[in-house]
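The structure appears right after this line, and notes come after that.
The values are calculated or read from the model by the stated rules, or taken from the named source; none is laboratory data. Remember, predicted model here, so these are calculated numbers, not experimental data. Don't worry about glycine lacking a Cβ; one is built from the backbone with ideal geometry, like all the others, and counts go over all protein chains shown.
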Amino acid sequence: MDEAAGTAADGPVDGAAPRGDYFVQSLERGLAVIKAFSAAEPELTLSEIARRTGMTRAAARRFLLTFVDLGYVAVTDRRFRLRPTVLELGFTYLTTLSLPQLAMPYLVALSEELHETASVAVLDGPDVVYVARSGSRRVMVTGITIGTRLPAYASSHGRVLLAGLTDEQLDAYLDQVRLVARTARTVTDPAVLRELVAETRERGWSLVDQELEEGVTAIAVPVHGPAGEVLGAMNVGTHSARHTPEQLHALALDPLRAAVGQLERDLLLTGVRTGQQLR
């Protein structure tokens, strides 16, 4: 048997359990060689790689020299290091990611931390569209699911997204939208709404208390893309009987900002742009 395909002496990488007949052990071993490198130790000798992967020196050498020929690994003075070309292996996956996919782990963590509902929405015409959502064990009777459309002017998501528009775009929005009262608290005066949007733009967050639905209070922050554009908004919603607006602000704003900061780093790495978020 070819050593690179695995031998009895080498055994499964890292003591992995036996695989099915379909399993290509040589692929597993090749990936183990790549994963042997790290930021702390970007250069390794043949012996170090063989030890980390559990391979013989001969098997590790064959993989390394194959990666050298393919342009994924460079070697200088018997020390091996990854080349930037190795990024090609993950680039296709990264380019298929979208805002909802990237956001979900952070929404789940946020919901579990705060025991409230967390969601991401984007602006589509006069409405916000929910594209990702993680609910808490507490029930909020809102009927909101992925794809739900709600008026931007009355929601925390919407105020943040409107704040991301240019002045000209906001003027066009206010000229066209009908500000219909959803509750007794809904802002329906265009001048007041403009002031609230300007305030949101300045402070970087919006809290809307029972304007969209009685008993529902939510706070949102913008999600920026790699070029600084506002791709969407992330919010945390609660029932007003559980938290006052002041309590929700104190509870959720910092965790929201932390979650969005992590999401924006992912967006920077993947290059998700406006137009991809609804995938």
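Looking only at the range 142-151, decide whether some residue is touching a residue at least 60 places away in the same chain (Cβ under 8 Å), outside any strand (DSSP E or B) and surrounded by fewer than 21 Cβ atoms within 10 Å (Cβ to Cβ).
Yes, the range 142-151 has at least one match.
Would you confirm, using the coordinates I've provided, whether Val160 is closer than 24 Å to Ala252 by Cβ, in a strand (DSSP E or B) and modelled with pLDDT of 95 or more? Spell out how you get there, then give the answer.
Working: closer than 24 Å to Ala252 by Cβ: yes; in a strand (DSSP E or B): no; modelled with pLDDT of 95 or more: yes.
It is false that Val160 is closer than 24 Å to Ala252 by Cβ, in a strand (DSSP E or B) and modelled with pLDDT of 95 or more.
Residues that are surrounded by fewer than 24 Cβ atoms within 10 Å (Cβ to Cβ), among the charged types (D, E, K, R) and touching a Ser or Thr at 6+ places or on another chain (Cβ under 7 Å): does the range 161-184 have at least one?
Looking for residues that are surrounded by fewer than 24 Cβ atoms within 10 Å (Cβ to Cβ), among the charged types (D, E, K, R) and touching a Ser or Thr at 6+ places or on another chain (Cβ under 7 Å), one finds none in the range 161-184, hence no.
With respect to Val192, determine if the residue is in the same structural domain as Val221 (by TED's automatic domain parsing), touching a residue at least 60 places away in the same chain (Cβ under 8 Å) and either more than 20 Å from the chain's Cα centre (by Cα) or closer than 24 Å to Val260 by Cβ (or both).
The answer is no for Val192.
May I ask you to list the residues in the range 1-21 that are closer than 17 Å to Thr66 by Cα and either modelled with pLDDT of 90 or more or surrounded by 17 or more Cβ atoms within 10 Å (Cβ to Cβ) (or both)?
Filtering the range 1-21 for residues closer than 17 Å to Thr66 by Cα gives 2-6.
Glu3, Ala4, Gly6 - these are the residues of the range 1-21 that are closer than 17 Å to Thr66 by Cα and either modelled with pLDDT of 90 or more or surrounded by 17 or more Cβ atoms within 10 Å (Cβ to Cβ) (or both).
Considering only residues of the range 209-222 that are under 30 Å from Thr270 (Cβ atoms) and more than 18 Å from the chain's Cα centre (by Cα), which is surrounded by the fewest Cβ atoms within 10 Å (Cβ to Cβ)?
Applying the filter and picking the extreme gives Ile219.
With the range 22-134 as the region, which helices (runs of 4 or more DSSP H) entirely inside it contain at least 2 residues that are in contact with a Leu (Cβ under 8 Å, 6 or more places away or on another chain) and either modelled with pLDDT of 95 or more or among the hydrophobic types (A, V, I, L, M, F, W, C) (or both)?
Hits in the range 22-134: 25-35, 46-53, 57-70, 99-114.
What tally of residues in the range 223-243 results from selecting those that are closer than 16 Å to Arg257 by Cβ and surrounded by fewer than 24 Cβ atoms within 10 Å (Cβ to Cβ)?
2
Just to check your reading of the model, which residue among Arg83, Arg51 is farther than 30 Å from Gly261 by Cα and among the basic types (Lys, Arg)? Step through it out loud before you land on a result.
Working: Arg83 fails: farther than 30 Å from Gly261 by Cα.
Answer to the check: Arg51.
Could you please let me know if Thr76 is polar (S, T, N, Q) and surrounded by 14 or more Cβ atoms within 10 Å (Cβ to Cβ)?
no
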